[in-house]
Number of protein chains: 2
Amino acid sequence: MTVTQAPDEKPPVPVSGQPANGHPAEPDAKSHAVSGHTIDAFHNGGFFLVQPSDAGHRAGMDAMLLAATVPDGARGLLADLGAGAGAAGLAAINRLPDLSADLIERAPVMADCARRSLALEENAHLAARARVIEADVSLQGKLRRDAGLADYAYDYVILNPPFNSAADRKTPDPLKAEAHAMENGDLFERWLRTAAAILKPGGQVSVIARPESMAEILVALGNRFGGVEVTPLVPRQTDDAIRILVTAIKGSRARMSLRDRLLVHEGAGHGFSARMNDLANGRAAFPRRMKNRPPKQR
Amino acid sequence: MTVTQAPDEKPPVPVSGQPANGHPAEPDAKSHAVSGHTIDAFHNGGFFLVQPSDAGHRAGMDAMLLAATVPDGARGLLADLGAGAGAAGLAAINRLPDLSADLIERAPVMADCARRSLALEENAHLAARARVIEADVSLQGKLRRDAGLADYAYDYVILNPPFNSAADRKTPDPLKAEAHAMENGDLFERWLRTAAAILKPGGQVSVIARPESMAEILVALGNRFGGVEVTPLVPRQTDDAIRILVTAIKGSRARMSLRDRLLVHEGAGHGFSARMNDLANGRAAFPRRMKNRPPKQR
(Lines give C-alpha, C1' and ligand atoms only; values in the text may rest on other atoms or scores of the structure.)
Protein backbone atom coordinates (compact mmCIF):
# COMPACT_ATOMS: atom_id res chain seq x y z
CA MET A 1 0.00 0.00 0.00
CA THR A 2 1.03 3.55 -0.57
CA VAL A 3 0.01 6.50 1.50
CA THR A 4 -0.39 9.73 -0.34
CA GLN A 5 -1.32 13.04 1.12
CA ALA A 6 -2.59 15.91 -0.90
CA PRO A 7 -0.98 19.17 0.16
CA ASP A 8 -3.15 22.04 1.24
CA GLU A 9 -2.73 24.00 -1.94
CA LYS A 10 -3.61 21.06 -4.10
CA PRO A 11 -6.81 19.35 -3.03
CA PRO A 12 -7.18 15.72 -3.98
CA VAL A 13 -8.76 16.21 -7.37
CA PRO A 14 -8.28 19.20 -9.62
CA VAL A 15 -11.45 19.94 -11.51
CA SER A 16 -10.63 20.89 -15.05
CA GLY A 17 -12.76 21.75 -18.07
CA GLN A 18 -14.77 18.56 -18.51
CA PRO A 19 -13.37 15.91 -16.23
CA ALA A 20 -14.66 12.42 -16.07
CA ASN A 21 -16.23 11.52 -12.76
CA GLY A 22 -13.49 10.35 -10.44
CA HIS A 23 -9.87 10.90 -11.17
CA PRO A 24 -7.15 9.14 -9.28
CA ALA A 25 -6.40 11.11 -6.14
CA GLU A 26 -2.80 11.40 -7.28
CA PRO A 27 -2.37 10.36 -10.88
CA ASP A 28 1.13 8.92 -10.62
CA ALA A 29 2.82 5.55 -10.40
CA LYS A 30 1.28 4.72 -7.02
CA SER A 31 -1.61 2.97 -8.69
CA HIS A 32 0.39 -0.24 -8.85
CA ALA A 33 1.11 -0.52 -5.17
CA VAL A 34 1.68 -3.89 -3.55
CA SER A 35 -1.79 -4.99 -2.55
CA GLY A 36 -3.65 -3.35 -5.42
CA HIS A 37 -4.85 -0.57 -3.18
CA THR A 38 -3.76 2.93 -2.42
CA ILE A 39 -4.40 4.87 0.75
CA ASP A 40 -5.21 8.44 -0.06
CA ALA A 41 -5.38 11.38 2.30
CA PHE A 42 -8.35 13.73 2.31
CA HIS A 43 -9.07 16.87 4.30
CA ASN A 44 -5.35 17.52 4.62
CA GLY A 45 -4.72 14.25 6.32
CA GLY A 46 -7.90 14.45 8.39
CA PHE A 47 -8.95 11.04 7.15
CA PHE A 48 -7.76 8.39 4.73
CA LEU A 49 -9.39 6.24 2.11
CA VAL A 50 -8.46 2.79 0.89
CA GLN A 51 -9.18 2.65 -2.82
CA PRO A 52 -8.51 0.13 -5.58
CA SER A 53 -5.40 1.35 -7.32
CA ASP A 54 -6.42 0.49 -10.83
CA ALA A 55 -10.13 -0.09 -10.93
CA GLY A 56 -13.40 1.36 -9.79
CA HIS A 57 -14.59 4.83 -9.20
CA ARG A 58 -11.98 6.89 -7.34
CA ALA A 59 -13.13 9.61 -5.05
CA GLY A 60 -12.34 13.25 -5.55
CA MET A 61 -13.66 16.75 -5.54
CA ASP A 62 -17.25 15.68 -6.25
CA ALA A 63 -17.38 13.71 -3.01
CA MET A 64 -15.80 16.55 -1.01
CA LEU A 65 -18.30 19.12 -2.32
CA LEU A 66 -21.18 16.77 -1.67
CA ALA A 67 -20.05 16.38 1.95
CA ALA A 68 -19.80 20.16 2.26
CA THR A 69 -23.56 20.51 1.69
CA VAL A 70 -24.21 19.03 5.14
CA PRO A 71 -24.41 22.14 7.33
CA ASP A 72 -22.24 22.94 10.31
CA GLY A 73 -23.86 21.73 13.51
CA ALA A 74 -25.51 18.75 11.79
CA ARG A 75 -26.42 15.95 14.21
CA GLY A 76 -27.87 12.48 13.91
CA LEU A 77 -27.47 10.01 11.08
CA LEU A 78 -26.41 10.45 7.47
CA ALA A 79 -26.73 7.95 4.62
CA ASP A 80 -24.15 8.06 1.84
CA LEU A 81 -25.91 6.32 -1.06
CA GLY A 82 -23.48 4.71 -3.48
CA ALA A 83 -20.67 5.46 -1.08
CA GLY A 84 -17.88 3.74 -2.98
CA ALA A 85 -14.89 3.70 -0.64
CA GLY A 86 -16.74 6.13 1.63
CA ALA A 87 -15.21 9.46 0.65
CA ALA A 88 -18.26 11.70 0.94
CA GLY A 89 -19.70 10.10 4.08
CA LEU A 90 -16.36 10.11 5.87
CA ALA A 91 -15.70 13.69 4.80
CA ALA A 92 -19.02 14.67 6.36
CA ILE A 93 -18.40 13.01 9.71
CA ASN A 94 -14.77 14.15 9.78
CA ARG A 95 -16.00 17.74 9.74
CA LEU A 96 -19.09 17.14 11.89
CA PRO A 97 -18.39 15.47 15.26
CA ASP A 98 -22.08 14.96 16.15
CA LEU A 99 -22.94 13.12 12.95
CA SER A 100 -22.75 9.40 12.19
CA ALA A 101 -22.77 7.86 8.71
CA ASP A 102 -24.04 4.73 7.03
CA LEU A 103 -22.05 4.03 3.89
CA ILE A 104 -24.32 2.23 1.44
CA GLU A 105 -22.53 0.47 -1.42
CA ARG A 106 -23.58 -2.37 -3.71
CA ALA A 107 -20.24 -3.34 -5.28
CA PRO A 108 -18.43 -5.80 -2.96
CA VAL A 109 -14.99 -4.53 -3.99
CA MET A 110 -15.88 -0.98 -3.02
CA ALA A 111 -17.71 -1.96 0.17
CA ASP A 112 -14.57 -3.88 1.10
CA CYS A 113 -12.51 -0.73 0.56
CA ALA A 114 -14.90 1.20 2.79
CA ARG A 115 -14.52 -1.42 5.54
CA ARG A 116 -10.73 -1.33 5.14
CA SER A 117 -10.86 2.45 5.38
CA LEU A 118 -12.75 2.25 8.67
CA ALA A 119 -10.18 -0.23 10.00
CA LEU A 120 -7.25 2.13 9.39
CA GLU A 121 -5.59 3.36 12.53
CA GLU A 122 -5.57 6.87 11.06
CA ASN A 123 -9.37 6.80 10.91
CA ALA A 124 -9.81 5.64 14.52
CA HIS A 125 -11.58 8.91 15.34
CA LEU A 126 -14.27 8.06 12.77
CA ALA A 127 -14.69 4.30 13.09
CA ALA A 128 -17.25 4.41 15.90
CA ARG A 129 -19.45 6.78 13.91
CA ALA A 130 -19.54 4.90 10.62
CA ARG A 131 -20.67 1.54 9.32
CA VAL A 132 -20.80 -0.04 5.90
CA ILE A 133 -24.03 -1.45 4.52
CA GLU A 134 -23.56 -3.58 1.43
CA ALA A 135 -26.84 -3.05 -0.36
CA ASP A 136 -28.36 -1.91 -3.64
CA VAL A 137 -29.70 1.61 -3.26
CA SER A 138 -32.49 0.77 -5.73
CA LEU A 139 -34.13 -1.81 -3.44
CA GLN A 140 -37.70 -1.07 -2.41
CA GLY A 141 -40.02 -1.81 0.50
CA LYS A 142 -39.28 -4.83 2.63
CA LEU A 143 -36.19 -5.75 0.62
CA ARG A 144 -34.72 -2.34 1.31
CA ARG A 145 -35.58 -2.41 5.00
CA ASP A 146 -34.20 -5.95 5.30
CA ALA A 147 -30.96 -4.72 3.73
CA GLY A 148 -30.57 -2.26 6.60
CA LEU A 149 -32.11 0.88 5.12
CA ALA A 150 -34.94 1.69 7.53
CA ASP A 151 -37.76 4.11 6.76
CA TYR A 152 -37.52 7.59 8.33
CA ALA A 153 -34.13 6.73 9.83
CA TYR A 154 -31.86 9.43 8.45
CA ASP A 155 -31.39 13.14 8.99
CA TYR A 156 -29.27 13.59 5.87
CA VAL A 157 -28.87 11.66 2.65
CA ILE A 158 -26.06 12.43 0.22
CA LEU A 159 -25.71 10.84 -3.16
CA ASN A 160 -23.10 10.96 -5.87
CA PRO A 161 -24.51 8.43 -8.26
CA PRO A 162 -22.73 6.95 -11.25
CA PHE A 163 -23.66 9.61 -13.74
CA ASN A 164 -21.85 9.10 -16.98
CA SER A 165 -24.29 8.65 -19.81
CA ALA A 166 -24.62 5.57 -21.95
CA ALA A 167 -22.50 7.28 -24.60
CA ASP A 168 -19.54 7.24 -22.24
CA ARG A 169 -19.97 3.65 -21.23
CA LYS A 170 -17.29 2.19 -23.47
CA THR A 171 -14.82 1.60 -20.71
CA PRO A 172 -12.92 -1.69 -20.66
CA ASP A 173 -13.04 -1.91 -16.87
CA PRO A 174 -16.31 -3.51 -15.77
CA LEU A 175 -16.06 -2.20 -12.20
CA LYS A 176 -15.50 1.31 -13.49
CA ALA A 177 -18.31 0.80 -15.96
CA GLU A 178 -20.66 -0.09 -13.14
CA ALA A 179 -19.65 2.97 -11.16
CA HIS A 180 -19.96 5.35 -14.09
CA ALA A 181 -22.87 4.28 -16.20
CA MET A 182 -26.52 4.94 -15.71
CA GLU A 183 -28.09 1.58 -16.13
CA ASN A 184 -31.40 2.44 -17.68
CA GLY A 185 -31.99 6.12 -17.44
CA ASP A 186 -34.11 6.15 -14.29
CA LEU A 187 -31.24 6.09 -11.82
CA PHE A 188 -32.12 9.38 -10.17
CA GLU A 189 -35.75 8.31 -9.86
CA ARG A 190 -34.74 5.10 -8.09
CA TRP A 191 -32.11 6.66 -5.86
CA LEU A 192 -34.20 9.66 -4.88
CA ARG A 193 -37.17 7.38 -4.20
CA THR A 194 -34.96 5.58 -1.69
CA ALA A 195 -33.68 8.88 -0.28
CA ALA A 196 -37.25 10.05 0.30
CA ALA A 197 -38.17 6.77 1.99
CA ILE A 198 -35.28 6.66 4.45
CA LEU A 199 -35.18 10.37 5.38
CA LYS A 200 -37.05 11.81 8.30
CA PRO A 201 -39.58 14.50 7.39
CA GLY A 202 -37.60 17.73 7.13
CA GLY A 203 -34.44 15.80 6.32
CA GLN A 204 -32.08 17.05 3.64
CA VAL A 205 -30.98 15.26 0.49
CA SER A 206 -27.89 16.37 -1.45
CA VAL A 207 -26.89 15.35 -4.95
CA ILE A 208 -23.93 16.17 -7.14
CA ALA A 209 -24.44 15.48 -10.82
CA ARG A 210 -23.86 16.69 -14.34
CA PRO A 211 -25.94 19.61 -15.55
CA GLU A 212 -27.50 17.41 -18.22
CA SER A 213 -29.17 15.40 -15.44
CA MET A 214 -31.03 18.49 -14.22
CA ALA A 215 -34.42 17.53 -15.66
CA GLU A 216 -34.21 13.95 -14.38
CA ILE A 217 -33.24 15.11 -10.91
CA LEU A 218 -35.89 17.83 -10.67
CA VAL A 219 -38.58 15.44 -11.85
CA ALA A 220 -37.45 12.73 -9.43
CA LEU A 221 -37.39 15.19 -6.54
CA GLY A 222 -40.94 16.02 -7.66
CA ASN A 223 -43.46 16.05 -4.85
CA ARG A 224 -41.21 14.16 -2.48
CA PHE A 225 -38.97 17.13 -1.80
CA GLY A 226 -39.26 20.89 -1.90
CA GLY A 227 -37.12 23.94 -1.37
CA VAL A 228 -34.78 22.68 -4.07
CA GLU A 229 -31.56 24.68 -4.35
CA VAL A 230 -29.44 24.18 -7.45
CA THR A 231 -25.90 25.57 -7.54
CA PRO A 232 -23.89 25.37 -10.76
CA LEU A 233 -20.21 24.53 -10.43
CA VAL A 234 -18.28 26.56 -13.00
CA PRO A 235 -14.54 25.96 -13.61
CA ARG A 236 -13.73 29.52 -14.65
CA GLN A 237 -15.73 32.62 -15.38
CA THR A 238 -17.78 32.29 -18.62
CA ASP A 239 -17.27 28.50 -18.73
CA ASP A 240 -20.27 26.23 -18.85
CA ALA A 241 -21.09 24.50 -15.59
CA ILE A 242 -19.53 21.03 -15.18
CA ARG A 243 -21.60 19.97 -12.20
CA ILE A 244 -24.71 20.92 -10.30
CA LEU A 245 -24.95 20.68 -6.54
CA VAL A 246 -28.57 20.09 -5.56
CA THR A 247 -30.10 20.06 -2.10
CA ALA A 248 -33.75 19.68 -1.13
CA ILE A 249 -35.88 19.11 1.96
CA LYS A 250 -38.23 16.15 2.37
CA GLY A 251 -41.81 17.35 2.51
CA SER A 252 -41.02 21.02 1.97
CA ARG A 253 -43.33 22.99 -0.29
CA ALA A 254 -40.94 25.86 -0.91
CA ARG A 255 -40.13 26.77 -4.51
CA MET A 256 -36.94 25.88 -6.24
CA SER A 257 -34.15 28.42 -6.37
CA LEU A 258 -31.15 28.63 -8.63
CA ARG A 259 -28.15 29.95 -6.76
CA ASP A 260 -25.20 31.83 -8.13
CA ARG A 261 -22.43 29.56 -9.29
CA LEU A 262 -19.48 28.29 -7.35
CA LEU A 263 -16.26 29.12 -9.15
CA VAL A 264 -13.61 26.39 -9.03
CA HIS A 265 -10.55 28.28 -10.20
CA GLU A 266 -9.55 31.83 -9.65
CA GLY A 267 -6.76 33.78 -11.27
CA ALA A 268 -4.60 32.65 -14.13
CA GLY A 269 -3.06 29.48 -12.69
CA HIS A 270 -4.48 26.08 -11.93
CA GLY A 271 -5.08 26.96 -8.30
CA PHE A 272 -8.43 26.53 -6.66
CA SER A 273 -10.30 29.50 -5.34
CA ALA A 274 -9.82 29.98 -1.61
CA ARG A 275 -13.41 28.97 -1.01
CA MET A 276 -13.12 25.82 -3.10
CA ASN A 277 -9.98 24.89 -1.22
CA ASP A 278 -11.82 25.27 2.08
CA LEU A 279 -14.75 23.19 0.85
CA ALA A 280 -12.46 20.51 -0.53
CA ASN A 281 -10.53 20.23 2.70
CA GLY A 282 -13.37 20.20 5.19
CA ARG A 283 -12.67 23.66 6.57
CA ALA A 284 -16.01 25.10 5.47
CA ALA A 285 -19.55 24.03 4.72
CA PHE A 286 -21.68 25.01 1.77
CA PRO A 287 -24.98 25.49 3.58
CA ARG A 288 -28.38 26.09 2.03
CA ARG A 289 -29.68 29.64 1.73
CA MET A 290 -33.25 28.73 2.64
CA LYS A 291 -33.71 28.32 6.35
CA ASN A 292 -35.24 25.09 7.51
CA ARG A 293 -35.39 23.31 10.82
CA PRO A 294 -33.47 20.03 10.81
CA PRO A 295 -35.38 16.90 11.91
CA LYS A 296 -35.77 16.42 15.66
CA GLN A 297 -33.21 14.20 17.33
CA ARG A 298 -34.42 11.14 19.18
CA MET B 1 -50.59 59.62 -25.38
CA THR B 2 -47.21 60.21 -23.88
CA VAL B 3 -43.93 59.40 -25.47
CA THR B 4 -41.18 58.36 -23.12
CA GLN B 5 -37.66 57.47 -24.04
CA ALA B 6 -35.37 55.54 -21.80
CA PRO B 7 -31.87 57.05 -21.76
CA ASP B 8 -28.93 54.95 -22.70
CA GLU B 9 -27.72 54.44 -19.17
CA LYS B 10 -31.10 53.36 -17.91
CA PRO B 11 -32.68 50.67 -20.01
CA PRO B 12 -36.45 50.44 -19.95
CA VAL B 13 -36.84 48.19 -16.96
CA PRO B 14 -34.49 47.94 -14.02
CA VAL B 15 -34.26 44.37 -12.80
CA SER B 16 -34.13 44.31 -9.04
CA GLY B 17 -34.04 41.51 -6.50
CA GLN B 18 -37.29 39.71 -7.24
CA PRO B 19 -39.29 41.81 -9.67
CA ALA B 20 -42.70 40.85 -10.89
CA ASN B 21 -42.87 40.10 -14.57
CA GLY B 22 -43.36 43.33 -16.44
CA HIS B 23 -42.88 46.65 -14.78
CA PRO B 24 -44.06 49.85 -16.35
CA ALA B 25 -41.38 51.06 -18.70
CA GLU B 26 -41.24 54.28 -16.72
CA PRO B 27 -43.08 53.98 -13.46
CA ASP B 28 -44.33 57.54 -13.17
CA ALA B 29 -47.49 59.53 -13.70
CA LYS B 30 -47.61 58.79 -17.42
CA SER B 31 -49.82 55.81 -16.82
CA HIS B 32 -52.90 58.04 -16.92
CA ALA B 33 -52.28 59.55 -20.29
CA VAL B 34 -55.14 60.80 -22.45
CA SER B 35 -56.13 57.77 -24.46
CA GLY B 36 -55.30 55.17 -21.82
CA HIS B 37 -52.10 54.26 -23.63
CA THR B 38 -48.49 55.19 -23.34
CA ILE B 39 -45.90 55.09 -26.08
CA ASP B 40 -42.63 53.83 -24.74
CA ALA B 41 -39.25 53.95 -26.42
CA PHE B 42 -37.04 50.88 -26.62
CA HIS B 43 -33.57 50.34 -28.01
CA ASN B 44 -32.74 53.97 -27.31
CA GLY B 45 -35.53 55.19 -29.48
CA GLY B 46 -34.96 52.55 -32.14
CA PHE B 47 -38.61 51.54 -31.92
CA PHE B 48 -41.71 52.41 -29.92
CA LEU B 49 -44.43 50.43 -28.24
CA VAL B 50 -48.05 51.37 -27.61
CA GLN B 51 -49.03 49.86 -24.26
CA PRO B 52 -52.09 50.13 -22.03
CA SER B 53 -51.20 52.68 -19.41
CA ASP B 54 -52.91 50.97 -16.51
CA ALA B 55 -53.57 47.38 -17.41
CA GLY B 56 -52.00 44.33 -18.91
CA HIS B 57 -48.52 43.03 -19.02
CA ARG B 58 -46.02 45.80 -19.71
CA ALA B 59 -42.88 44.97 -21.58
CA GLY B 60 -39.43 45.33 -20.13
CA MET B 61 -36.06 43.76 -19.69
CA ASP B 62 -37.37 40.20 -20.08
CA ALA B 63 -38.56 40.95 -23.60
CA MET B 64 -35.30 42.67 -24.53
CA LEU B 65 -33.17 39.75 -23.32
CA LEU B 66 -35.41 37.27 -25.09
CA ALA B 67 -34.93 39.19 -28.35
CA ALA B 68 -31.16 39.20 -27.79
CA THR B 69 -31.08 35.37 -28.03
CA VAL B 70 -31.76 35.63 -31.76
CA PRO B 71 -28.26 35.63 -33.22
CA ASP B 72 -26.72 38.31 -35.40
CA GLY B 73 -27.24 37.52 -39.06
CA ALA B 74 -30.57 35.81 -38.44
CA ARG B 75 -32.79 35.68 -41.54
CA GLY B 76 -36.28 34.48 -42.31
CA LEU B 77 -39.32 34.46 -40.07
CA LEU B 78 -39.67 34.68 -36.30
CA ALA B 79 -42.77 33.96 -34.21
CA ASP B 80 -43.19 35.86 -30.95
CA LEU B 81 -45.60 33.68 -28.96
CA GLY B 82 -47.64 35.66 -26.46
CA ALA B 83 -46.27 38.84 -27.95
CA GLY B 84 -48.29 41.29 -25.87
CA ALA B 85 -47.71 44.69 -27.41
CA GLY B 86 -44.87 43.19 -29.48
CA ALA B 87 -41.81 44.19 -27.48
CA ALA B 88 -39.65 41.10 -27.99
CA GLY B 89 -40.56 40.52 -31.61
CA LEU B 90 -40.03 44.15 -32.57
CA ALA B 91 -36.76 44.26 -30.64
CA ALA B 92 -35.56 41.28 -32.67
CA ILE B 93 -36.40 42.74 -36.06
CA ASN B 94 -35.17 46.20 -35.07
CA ARG B 95 -31.71 44.70 -34.54
CA LEU B 96 -31.92 42.21 -37.42
CA PRO B 97 -32.76 43.73 -40.81
CA ASP B 98 -33.17 40.40 -42.62
CA LEU B 99 -35.71 39.02 -40.17
CA SER B 100 -39.51 39.35 -40.18
CA ALA B 101 -41.79 38.70 -37.21
CA ASP B 102 -45.27 37.37 -36.57
CA LEU B 103 -46.59 38.68 -33.27
CA ILE B 104 -48.99 36.08 -31.85
CA GLU B 105 -51.27 37.36 -29.11
CA ARG B 106 -54.58 36.09 -27.79
CA ALA B 107 -55.78 39.07 -25.73
CA PRO B 108 -57.60 41.52 -28.04
CA VAL B 109 -56.48 44.55 -26.01
CA MET B 110 -52.83 43.61 -26.38
CA ALA B 111 -53.12 42.59 -30.03
CA ASP B 112 -54.68 46.00 -30.61
CA CYS B 113 -51.67 47.62 -28.95
CA ALA B 114 -49.36 45.62 -31.21
CA ARG B 115 -51.27 46.80 -34.29
CA ARG B 116 -51.16 50.41 -33.04
CA SER B 117 -47.43 50.01 -32.49
CA LEU B 118 -46.93 48.91 -36.09
CA ALA B 119 -48.96 51.88 -37.29
CA LEU B 120 -46.71 54.41 -35.53
CA GLU B 121 -44.74 56.58 -37.89
CA GLU B 122 -41.67 56.02 -35.73
CA ASN B 123 -41.89 52.30 -36.49
CA ALA B 124 -42.22 52.73 -40.27
CA HIS B 125 -38.90 50.92 -40.74
CA LEU B 126 -40.41 47.82 -39.10
CA ALA B 127 -44.00 47.79 -40.29
CA ALA B 128 -43.36 45.90 -43.53
CA ARG B 129 -41.56 43.14 -41.63
CA ALA B 130 -44.14 42.49 -38.93
CA ARG B 131 -47.74 41.39 -38.65
CA VAL B 132 -50.07 40.67 -35.78
CA ILE B 133 -51.86 37.33 -35.51
CA GLU B 134 -54.63 37.30 -32.93
CA ALA B 135 -54.61 33.68 -31.84
CA ASP B 136 -54.29 31.41 -28.84
CA VAL B 137 -50.80 29.89 -28.74
CA SER B 138 -52.26 26.71 -27.21
CA LEU B 139 -54.31 25.81 -30.30
CA GLN B 140 -53.48 22.53 -31.97
CA GLY B 141 -53.60 20.95 -35.42
CA LYS B 142 -56.05 22.39 -37.92
CA LEU B 143 -57.30 25.03 -35.49
CA ARG B 144 -53.78 26.33 -35.08
CA ARG B 145 -53.05 26.29 -38.80
CA ASP B 146 -56.38 27.99 -39.52
CA ALA B 147 -55.43 30.70 -37.03
CA GLY B 148 -52.38 31.48 -39.14
CA LEU B 149 -49.70 29.41 -37.42
CA ALA B 150 -48.47 27.12 -40.16
CA ASP B 151 -46.37 24.02 -39.56
CA TYR B 152 -42.63 24.31 -40.27
CA ALA B 153 -43.02 27.99 -41.09
CA TYR B 154 -40.61 29.67 -38.68
CA ASP B 155 -36.87 29.94 -38.31
CA TYR B 156 -37.07 31.29 -34.76
CA VAL B 157 -39.66 31.15 -32.03
CA ILE B 158 -39.36 33.31 -28.92
CA LEU B 159 -41.66 33.05 -25.97
CA ASN B 160 -42.07 34.99 -22.78
CA PRO B 161 -45.14 33.32 -21.38
CA PRO B 162 -47.20 34.52 -18.45
CA PHE B 163 -45.17 32.88 -15.75
CA ASN B 164 -46.33 33.96 -12.38
CA SER B 165 -47.46 31.00 -10.34
CA ALA B 166 -50.95 30.48 -9.05
CA ALA B 167 -49.83 31.81 -5.67
CA ASP B 168 -49.24 35.22 -7.23
CA ARG B 169 -52.52 35.30 -9.07
CA LYS B 170 -54.38 37.55 -6.68
CA THR B 171 -54.23 40.59 -8.86
CA PRO B 172 -57.36 42.71 -9.15
CA ASP B 173 -56.77 43.43 -12.82
CA PRO B 174 -58.16 40.59 -14.93
CA LEU B 175 -56.08 41.50 -17.99
CA LYS B 176 -52.94 41.49 -15.90
CA ALA B 177 -54.08 38.26 -14.31
CA GLU B 178 -54.38 36.66 -17.71
CA ALA B 179 -50.93 37.84 -18.71
CA HIS B 180 -49.28 36.73 -15.48
CA ALA B 181 -50.89 33.53 -14.38
CA MET B 182 -50.23 30.02 -15.51
CA GLU B 183 -53.64 28.65 -16.20
CA ASN B 184 -53.26 25.05 -15.24
CA GLY B 185 -49.64 24.22 -14.82
CA ASP B 186 -49.00 22.86 -18.30
CA LEU B 187 -48.42 26.18 -20.02
CA PHE B 188 -44.86 25.41 -21.06
CA GLU B 189 -45.96 22.05 -22.40
CA ARG B 190 -48.65 23.68 -24.55
CA TRP B 191 -46.57 26.58 -25.75
CA LEU B 192 -43.47 24.52 -26.51
CA ARG B 193 -45.63 21.96 -28.33
CA THR B 194 -46.74 24.80 -30.59
CA ALA B 195 -43.18 26.08 -30.92
CA ALA B 196 -42.02 22.62 -32.04
CA ALA B 197 -44.87 22.37 -34.56
CA ILE B 198 -44.32 25.71 -36.25
CA LEU B 199 -40.51 25.72 -36.33
CA LYS B 200 -38.50 24.39 -39.23
CA PRO B 201 -36.16 21.52 -38.36
CA GLY B 202 -33.03 23.12 -36.96
CA GLY B 203 -34.98 26.18 -35.89
CA GLN B 204 -34.28 27.81 -32.55
CA VAL B 205 -36.70 28.34 -29.69
CA SER B 206 -35.96 30.84 -26.91
CA VAL B 207 -37.72 31.15 -23.57
CA ILE B 208 -37.32 33.49 -20.64
CA ALA B 209 -38.84 32.28 -17.39
CA ARG B 210 -38.44 31.98 -13.67
CA PRO B 211 -35.94 29.45 -12.36
CA GLU B 212 -38.74 27.54 -10.65
CA SER B 213 -40.10 26.68 -14.11
CA MET B 214 -36.89 24.88 -15.04
CA ALA B 215 -38.26 21.34 -14.64
CA GLU B 216 -41.44 22.11 -16.57
CA ILE B 217 -39.49 23.70 -19.41
CA LEU B 218 -36.88 20.96 -19.65
CA VAL B 219 -39.57 18.28 -19.65
CA ALA B 220 -41.62 20.12 -22.27
CA LEU B 221 -38.56 20.58 -24.49
CA GLY B 222 -38.13 16.83 -24.06
CA ASN B 223 -37.54 14.98 -27.28
CA ARG B 224 -38.78 17.84 -29.43
CA PHE B 225 -35.66 19.92 -28.93
CA GLY B 226 -32.03 19.32 -28.09
CA GLY B 227 -28.88 21.26 -27.45
CA VAL B 228 -30.64 23.06 -24.64
CA GLU B 229 -28.65 25.97 -23.22
CA VAL B 230 -29.78 27.40 -19.90
CA THR B 231 -28.32 30.72 -18.71
CA PRO B 232 -29.17 32.01 -15.22
CA LEU B 233 -29.80 35.71 -14.89
CA VAL B 234 -28.34 36.89 -11.58
CA PRO B 235 -28.93 40.44 -10.29
CA ARG B 236 -25.68 40.72 -8.36
CA GLN B 237 -22.88 38.36 -7.45
CA THR B 238 -24.01 35.71 -4.90
CA ASP B 239 -27.71 36.48 -5.49
CA ASP B 240 -30.05 33.73 -6.54
CA ALA B 241 -31.04 33.77 -10.19
CA ILE B 242 -34.26 35.65 -10.97
CA ARG B 243 -34.68 34.36 -14.51
CA ILE B 244 -33.43 31.67 -16.79
CA LEU B 245 -32.82 32.25 -20.48
CA VAL B 246 -33.30 29.00 -22.37
CA THR B 247 -32.58 28.24 -26.00
CA ALA B 248 -32.86 24.94 -27.84
CA ILE B 249 -32.78 23.58 -31.37
CA LYS B 250 -35.65 21.63 -32.92
CA GLY B 251 -34.57 18.07 -33.60
CA SER B 252 -31.09 18.43 -32.12
CA ARG B 253 -29.76 15.51 -30.08
CA ALA B 254 -27.02 17.48 -28.33
CA ARG B 255 -26.92 17.43 -24.54
CA MET B 256 -28.08 20.23 -22.37
CA SER B 257 -25.55 22.71 -21.08
CA LEU B 258 -25.76 25.14 -18.20
CA ARG B 259 -23.95 28.34 -19.01
CA ASP B 260 -22.33 30.75 -16.63
CA ARG B 261 -24.70 33.39 -15.39
CA LEU B 262 -25.42 36.78 -16.85
CA LEU B 263 -24.91 39.46 -14.24
CA VAL B 264 -27.45 42.28 -14.34
CA HIS B 265 -25.77 44.86 -12.14
CA GLU B 266 -22.14 45.68 -11.70
CA GLY B 267 -20.51 47.87 -9.12
CA ALA B 268 -22.17 49.47 -6.13
CA GLY B 269 -24.90 51.51 -7.83
CA HIS B 270 -28.09 50.56 -9.59
CA GLY B 271 -26.43 50.70 -12.99
CA PHE B 272 -26.59 47.82 -15.39
CA SER B 273 -23.47 46.02 -16.43
CA ALA B 274 -22.14 47.26 -19.77
CA ARG B 275 -23.11 43.97 -21.37
CA MET B 276 -26.63 44.06 -19.97
CA ASN B 277 -27.02 47.60 -21.26
CA ASP B 278 -25.96 46.48 -24.73
CA LEU B 279 -28.35 43.54 -24.66
CA ALA B 280 -31.21 45.70 -23.40
CA ASN B 281 -30.70 48.29 -26.08
CA GLY B 282 -30.25 46.08 -29.11
CA ARG B 283 -26.55 46.75 -29.52
CA ALA B 284 -25.52 43.16 -28.94
CA ALA B 285 -26.84 39.64 -29.25
CA PHE B 286 -26.62 36.86 -26.71
CA PRO B 287 -25.86 34.00 -29.08
CA ARG B 288 -25.73 30.30 -28.26
CA ARG B 289 -22.39 28.68 -27.52
CA MET B 290 -23.19 25.47 -29.37
CA LYS B 291 -22.77 25.86 -33.08
CA ASN B 292 -25.70 24.89 -35.22
CA ARG B 293 -26.67 25.58 -38.78
CA PRO B 294 -29.80 27.73 -39.03
CA PRO B 295 -32.67 26.38 -41.17
CA LYS B 296 -32.31 26.84 -44.93
CA GLN B 297 -34.00 29.87 -46.40
CA ARG B 298 -36.61 29.38 -49.11
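Quick look at the values:
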quantity	calculated
Computed accessible area, B:Glu134, all protein chains, 1.4 angstrom probe, square angstrom	90
Shape category assigned to the stretch A:59-269 from the gyration tensor of Cα positions, a/c cut at 1.5	rounded
Using a 7 Å Cα-to-Cβ projection, A:Pro71 label spacings across copies, nm, ascending	4.4
Antiparallel %, DSSP beta bridges [both residues in the stretch A:59-269], to 5	35
Heavy-atom accessible area order for A:Arg288, A:Arg129, largest first, 1.4 Å probe	A:Arg129, A:Arg288
Label point 7 Å beyond Cα along the C-beta direction, distances from A:Ala128 to other copies (nm, shortest first)	8.6
Cα→Cβ-extended label distance, 7 Å offset, between B:Val109 and A:Asp186, nm	4.7
Solvent accessible area, Å² - A:Val228, 1.4 Å probe, full protein context	10
Teacher prompt: B:Pro108 distances to equivalent labels in other copies, 7 Å Cα→Cβ, nm	7.6
Nonlocal amide H pairs with B:Val70, under 5 Å, H built at 1.01 Å	B:Phe286
Exposure ranking of B:Arg259, A:Arg224, B:Arg243 by accessible area [1.4 Å probe, largest first]	A:Arg224, B:Arg259, B:Arg243
Estimated vicinal HN-Hα couplings, Hz - the stretch B:233-247 in sequence order (Karplus 6.51, -1.76, 1.60; Gly, Pro = x)	10, 10, x, 9, 2, 6, 6, 5, 5, 9, 9, 10, 9, 10, 10
Amide proton proximity set for A:Gly76, modelled H, under 5 Å, gap of 5+	A:Ser100
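The values are calculated or read from the model by the stated rules, or taken from the named source; none is laboratory data. Computed from a predicted structure; not experimentally measured. Reconstructed Cβ throughout: ideal geometry from the backbone, glycine too, with neighbour counts over all protein chains shown. The area values use the complete protein model at the heavy-atom level, side chains included, leaving out ligands, DNA and RNA. Shrake-Rupley method; radii C 1.70, N 1.55, O 1.52, S 1.80 Å.
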